[in-house]
1. For the subset of region A:97-114 comprising residues that are within 14 Å of chain B (Cβ to nearest Cβ) and hydroxyl-bearing (Ser, Thr, Tyr), which member is surrounded by the most Cβ atoms within 10 Å (Cβ to Cβ)?
2. Which one of A:Arg94, A:Arg73 is touching a strand residue (DSSP E or B) at 6+ places or on another chain (Cβ under 7 Å), surrounded by 10 or more Cβ atoms within 10 Å (Cβ to Cβ) and among the basic types (Lys, Arg)?
3. In contact with an Asp or Glu (Cβ under 7 Å, 6 or more places away or on another chain) and either open to solvent by 30 Å² or more (accessible area, probe 1.4 Å) or away from every other protein chain (no Cβ under 14 Å) (or both) - does that describe any residue in region A:145-158?
4. Considering region A:1-58 alone, what residues qualify as being acidic (Asp, Glu), loosely packed, with under 12 Cβ neighbours inside 10 Å and within 30 Å of A:Gln136 (Cβ to Cβ)?
5. Report whether or not A:Leu52 is within 11 Å of chain B (Cβ to nearest Cβ), at pLDDT below 90 and in a helix (DSSP H, G or I).
6. Do you know which residues across region A:115-142 are of a type outside the set (Val, Ile, Thr), open to solvent by 20 Å² or more (accessible area, probe 1.4 Å), under 27 Å from B:Thr56 (Cα atoms) and in a strand (DSSP E or B)?
7. Would you pick out the residues in region A:97-137 that are at pLDDT 90 or above, β-branched (Val, Ile, Thr) and touching a strand residue (DSSP E or B) at 6+ places or on another chain (Cβ under 7 Å)?
Amino acid sequence: MKKAQIQYMEMIFVLLILIVIIFLGMFLYFSFYTKSIEKKGEELLDIDATILTDSIVGMPEITCGLNCLDTLRIMLFDESKDSEYYKNIFRGMRIKVNRIYPTNAAQERCTTNNLDACGYFLITAGNPSENVEIIQSAVSLYYPESGKYEFGLIKIEVFK
Amino acid sequence: MKRGQIEIIGLLMVVILISVIMLVALWFIIKPESDSLTVQRKGIEGKSILLTLMQTNYDRDRSFKDMIVECSKYDLVDAEHCNNSGVKDEIEVILNLIFNNKEYAFEIKKEVSVGNFISVIQIGSPITNPCRVNNVANHANINVDVVEKVSATLVLCSSTF
């Protein structure tokens, strides 16, 4: 092999190694970039979840104070009275409040007729979707007739 | 400069370049998690659990807050009416229902003198080392009763509950 050929091959090898290094760097950069975007997405979902939970629990139609929902108001709540307004607030999400304590094995939706044996209150049925993340927060459930407070969990199905 | 020296300098530059890339990559990999919004949200969730718990009725006329304040008046870690009967067990029922086998730590403590606390009720993992499986601990703390100097702490170990 001539000297010129050896130098030519040497140059090709150097170029190849440089290209590998550049691609490795780009791969690392984009993998970290994707990871940071995913993390940002999760954080934005968390912000959205916090705002949503607070705004729903604070709705004057159903609230009874800080971190508290009036069960009678939830049962009487009817979003069809101003569907356009509530559509903007709920954005098609399903929102329900589970009764956690006192423990209760019932699974039925609570209405004014079955309050002693029901499992959850439905605020809005929303549009069913597979691609949802359920966010939940603790809330007090107030029963105005007895003046009692129960422990509940508000569950909001947020679209991903 | 001889050709051999130039090639050694070239090799050194490549080695330095690769080392810098590796160091930057390593910095990204081992960089500790910042106090992200998710962690802050967990703190808010913990606080809302504690506030809701205190407001919840223990029996017809008394809330958990009333019971806890009553318990703490005895200055006893194992006050019979707090630990062996209702209050502790009922709080444990609620927390187990919420966390569903996930790690957590809960403590009610009372300040008996400045900086000196006694534990009134303790549930779940030890409060000093709460998260053995998942190392991320989110602490939430509320004052149950300012006059009696009773406070409640809840430590969430998982990202979801």
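The values are calculated or read from the model by the stated rules, or taken from the named source; none is laboratory data. Everything quoted here is computed from the prediction, not taken from an experiment. Note that we place each Cβ from the backbone using ideal geometry, even for glycine, and neighbour counts take in every protein chain shown. Protein only, heavy atoms only, side chains kept; ligands, DNA and RNA dropped before computing areas. Shrake-Rupley method; radii C 1.70, N 1.55, O 1.52, S 1.80 Å.
1. Result: A:Tyr101.
2. A:Arg94
3. no
4. Residue satisfying the conditions is A:Glu38 alone.
5. Criteria not met by A:Leu52.
6. Matches in region A:115-142: A:Tyr120, A:Leu122, A:Gln136, A:Tyr142.
7. Matches in region A:97-137: A:Val97, A:Ile100, A:Ile123, A:Thr124.
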